[in-house]
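Okay, so here's the structure we're looking at.
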Amino acid sequence: MRPGRSDGSGIVAELPLLVGTPPSWAELAADDLPSFLADHAVCEQQAALFALNLVAHYPEDDELVLKMAALAAEEVVHLRRVVRLLHERGLKPSRRRANSYVHGLHQRISREREGDLKVDRLLVGALIEARSCERFTCLLDRLGDRDPAVATLLRDLGPAEKRHWKTFHALARREIDAPELGERWLRWLGWERALMTARGVAPTVHG
């Protein structure tokens, strides 16, 4: 293994995702880090807002409130790190924009019953964090020693996203029986896999 390179196969192997990111995406992102970082800043903003939105929807759920508040605070720390890197390079974050990957997941959320809505929101959060973990790890492995500052960022953020998807999944697990959750999670994983089939063509976090 080259100096500065991190083998993330262990992290990726522990993720629940049914399909991996094409290696070509990691090369695209490695060759266009300004675009990746600018988009990454937007994703960190959205992640923090999503966690806080769950707090607003479920203030009576003490465990959720505490864990989502902590997760949002951590995402803001990540945002500050990405913004600092951008500023050091004379770059700025992207403007807030529609994320077709996230939108595609949100379209699948069941809104017929409040209990289903809550579980689906949490499972969507788990999927987004798991995919981000996988993408960060793939990019880190491809980046090698080409950009030590970005490599350090990704080396920290990959494991954090791994913790985050598990937090979302654990919160969902409290809401329904294990067999029902297992079936629903498999459906979500299948939908996420379908969304990923047309991706890997842009140097953005979920492109």
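Bear in mind that the values in this text are calculations on the coordinates, not laboratory data. Just so it is clear, the structure is predicted and the values come from calculations on it, not from any experiment. Here the Cβ is made from the backbone with ideal geometry for all residues, glycine too, and neighbour counts use every protein chain on show.
In terms of other Cβ atoms within 10 Å, His169, His57 run from fewest to most in the order His57, His169. Near Thr21, once Lys and Arg are set to +1 and Asp and Glu to -1 for all other residues with Cβ below 14 Å from its Cβ, the sum equals 0. So, in Å, what gap is there between the alpha-carbon centers of the stretch 72-113 and the stretch 133-182? After rounding, the separation between the Cα centres reads 14 Å. Taking the longest Cα principal axis of the chain as reference, the axis of helix 148-173 is set at about 10 degrees. Here's the list of lysines a cross-link from Lys162 could span, going by alpha-carbon distance under 17 Å and ignoring same-chain residues fewer than 8 apart: Lys67.
Listed by Cβ neighbour count within 10 Å, with the fewest neighbours leading, Phe168, Phe36 appear as Phe36, Phe168. Kindly provide log₁₀ I(q)/I(0) values, in the same order as q = 0.08, 0.20 Å⁻¹, from the Debye equation applied to equal alpha-carbon scatterers of the stretch 48-207. Rounded to two decimals, the profile gives -0.25, -1.46. For the stretch 1-117, the residue among Gly90, Ala48, Leu64 whose Cα projects farthest onto the positive side of the dipole built from Cβ charges is Gly90.
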